[in-house]
Structure formats: C-alpha cells, structure tokens
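No value in this document is a laboratory result; all are computed from the given coordinates. From a predicted model like this one, the values you see are computed outputs, not experimental measurements. Cβ placement follows ideal geometry from the backbone for every residue including glycine, while neighbour counts extend to all protein chains displayed.
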Amino acid sequence: MKNEYYNSEDLKKFTNITDWNKELGDKFFNYYESVFAEGKLSSREKSLIALAVSHVVHCPYCIHAYTQDGLEKGIEKEEMMEAVHVGAAIKSGAVLVHGVQMMNRYNKLSM
C-alpha cells in the first residue's frame, strides 16, 4: 500500500486542530457551523457551493467531505459536476481577465 500525502483518514482528525489552540479552534468551528446552518441559502445549496469552491482551491479533504455531504443531501452526480464546472468557469475567467493587465502593460511598454 502506498502512502499518500493526502490521506482521507486525516479528515477525521480535523477537530484535533483545537488541541493546540482551543480558543481559536472553537471559534473557527462555531463560525463554520454558523455558515453552513440553514439561512437564506439552503444547506443543500451551500453544499454545492462548498463542493465547487473545494475544487477551485484544490482541497482534496473538502472535495471528499462535500461529495459525501452532497450524497447525504440527495444531490445528484450531474448537479455536482455542474457545480464543479461553475467553479472551473469562474477560475478560468479570473485567469483570462488578468490578461487585460498583460495587454495594458504590453501596450504601455511597446509605445
């Protein structure tokens, strides 16, 4: 069995972050729970958003957690993939729109 840098078993240890700083760890988890509570957005919608963001920030632990969470909330695989594509579109758009900075710089330097 090969060792993995990202071990899915480590996700179960997430709450251990309070071990080395209980005050800040507790504040984080209280905030996290508040964010994912039902609000103007449903917990289902928040799960899809979290799944898309997880891919954009390249967090395998989050992808693991929010794929599972989505399944538990009845989110279909096609909905999950559509959310991933939304994240990909935003990320690629952000890269491309920064091309305007390059174009501006090029035009200024080539005068």
In deg cm²/dmol and to the nearest 500, what is the mean residue ellipticity at 222 nm of the chain if only DSSP H runs of at least 4 residues count, each as -39500 (n - 2.57), divided by the residue total?
-22000 deg cm²/dmol
Straight-line reach from Lys77: which lysines have Cα under 30 Å away, leaving out those fewer than 8 places along the same chain?
Lys2, Lys12, Lys13, Lys40, Lys46, Lys91
Using a simple spin-label model with points 7 Å from Cα along the Cα→Cβ vector, what separation in nm is obtained for Lys12 and Met111?
6.3
By per-residue mean of other Cβ atoms within 10 Å, what is the highest-first order of 101-109, 49-57, 66-74?
49-57, 66-74, 101-109
Which aspartates and glutamates, on any chain, are close to Lys27 with Cα under 17 Å apart, when same-chain ones fewer than 8 places away are left out?
Asp19
